[in-house]
Amino acid sequence: MEIDPVDRQIGATVRTLRMSRGLSMRACAELCGYTEEWLRLVECGRRPLDKLSTAIALAVVLGLDDLGIMLGARLQRLRCALRDTTHLQHETVPALRRLLSTPTYPKASTRDPYTESESIRRRLSLAWSAWHRSDRPYTALGIVVPGLLRDTLALHRASPPASRRLTWQLLSEAFQMAQRFLYCVGEPDLAARAADRAMVAAEETDDPVFISVSAWTSTMAALGRSQAEEAHAIARDATGQLHRALPTSPAALSTFGALNLFNAIALARLGRPADAWHSWKLAHRSATALGKNHHHPLTMFGAANVAIYSVALHIETGQAATAIKNASRIDLATIPSTNRRAQHLIDLAQGHLRRNEPDAAVTALLASEQQSTETIAFNRAAHTTIMEITEGTKRPPRAALDLAARILKAT
């Protein structure tokens, strides 16, 4: 069997780290819960480390706090620290955790509040643009979110009461940005905390549409914690508050549509498919009224997003064949977000797997990886799908094993 050069490199690294700690092959293997023969195959590159649980167990025994030291080639240059024995943590998370936990005290501003507000508004706009366009959106957002949130908090605390309505809005959007990042890198509890802060700030603006956008963020956070009932309740109440503004406000109509898409997913998970499709149809009507070129900068709501949610919803409601058929009609180029395109392809892979089409599922996952290596690396559904492919057959496709190694397949 031909040895993969990257597996050989990883095996050599494991051997060096093991020997540097003075561990025999037998002792190291026993501490990991495996046989000496298993470790011998790993070290000579004949057994890839393609399970996240296995890689973490070995990293802990070798005294590592960064999987990149051992698996750098497979991590696609991502730096992910080990927080515990079951969780990959993005390097930006600790800074955001501190910002969400530490109070900000008022101090005198050294800049004109208006000038600083405009600067932060431009930075927020650029950050959202980078998030949607970059093939490494988590890195793009992770680089700027802590500093942006820190500066917005400082501006808010230094601003006089008369200027607070504007800074409340900026602060809410900064917290929404932090929520989006934390949700996508697998930190549901911190994402919920950021969503709560965003909601508190939004409520101070007295703007129903802005408050509803923040409710959309909270609905996402609830879905990320598998709280479908809570997500449905938030979306239902927020859409109810928008009805009066729908005829005259495109912003309200866009937010109404985005909330209904999340509500559709929540209702599907609650076992209410008819209600789920009713919510999707409300979103579809909103997108049609807004026109095919409409894309909300935060929610990405628009006709393309409604189309890919139809795929996700068919999968949620047990209609994989229809999901795959609908997906074939979608032009990925119409989706102006690399992260959303990657997530859609993960949904498609799930549909193929439910149809017992593992090769097609792998193809969809590889396409997702091409859109964004980071989305697939942190997406739990992607991990579950690739795990089912590699463990569901005696001889899984080599492409599936290679992909599993690259994204450190979760178990």
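Along region 363-368, what does the Karplus equation 6.51 cos²θ - 1.76 cosθ + 1.60 (θ = phi - 60°) give for ³J(HN,Hα), rounded to whole Hz, x for Gly and Pro? Working through the residues one at a time gives 4, 5, 5, 5, 5, 5 Hz. Residues whose amide H comes within less than 5 Å of that of residue 66, counting only those at least five positions distant or on another chain, are 82 (H built at 1.01 Å from N in the peptide plane). Going by accessible surface with a 1.4 Å probe and the largest first, 151, 112 read 112, 151. Calculated mean residue ellipticity, 222 nm, the chain: -22500 deg cm²/dmol, from DSSP H runs (n ≥ 4) at -39500 (n - 2.57) each, averaged per residue and rounded to 500. Each Cα pair under 8 Å and six or more residues apart adds its sequence gap; the mean of these over the residue count of region 170-258 is a relative contact order of 24 percent.
In the context of the full set of protein chains, the chain has a per residue accessible area of 45 Å² (1.4 Å probe).
Between residue 237 and residue 69, how high is the FRET efficiency from 1/(1 + (r/R0)^6) when r is the Cβ-Cβ distance and R₀ = 45 Å? Nearest 0.05. With a Förster radius of 45 Å, E is 0.40. Whole-Hz Karplus values for region 243-251 come out as 3, 5, 8, 4, x, 10, 10, x, 5 Hz, taken residue by residue from phi with 6.51 cos²θ - 1.76 cosθ + 1.60 and θ = phi - 60°; glycine and proline positions read x.
Here the label points at residue 281 and residue 251, each 7 Å from Cα along the C-beta direction, are separated by 3.1 nm in the simple model.
Heavy-atom accessible area for residue 378, with the other protein chains in place and a 1.4 Å probe, reaches approximately 20 Å². Hey, what do the phi angles of region 139-150 turn into as Karplus ³J(HN,Hα) couplings, whole Hz, using 6.51/-1.76/1.60 and θ = phi - 60°, x for Gly and Pro? Karplus values, whole Hz, x for Gly and Pro: 5, 4, 7, x, 5, 9, 4, x, x, 5, 5, 4. A cut-off of 5 Å between modelled amide H atoms, ignoring neighbours fewer than 5 places along the same chain, links residue 294 with 303.
For the peptides 257-270, 34-47, what is the packing order when you average, over each peptide's residues, the other Cβ atoms within 10 Å and list the highest mean first?
With the highest mean Cβ count within 10 Å placed first, the list reads 257-270, 34-47.
Lysine pair count for the chain (Cα-Cα distance under 25 Å; residues 8 or more apart in sequence or on different chains): 6. Placing a pseudo-label 7 Å from each Cα along the Cα-to-Cβ vector at residue 89 and residue 35 gives an inter-label distance of 3.6 nm. Taking the accessible area of the chain, probe 1.4 Å, and keeping the other protein chains in place, the carbon and sulfur fraction comes to 51%.
The values are calculated or read from the model by the stated rules, or taken from the named source; none is laboratory data. What you are looking at is a predicted structure, and each value in this text was computed from that prediction instead of being measured. Cβ coordinates were reconstructed from backbone atoms using ideal geometry, including for glycine residues, and neighbour counts include every protein chain displayed. We work out accessible area using only protein heavy atoms, side chains counted, and drop any ligands, DNA or RNA first. Shrake-Rupley method; radii C 1.70, N 1.55, O 1.52, S 1.80 Å.
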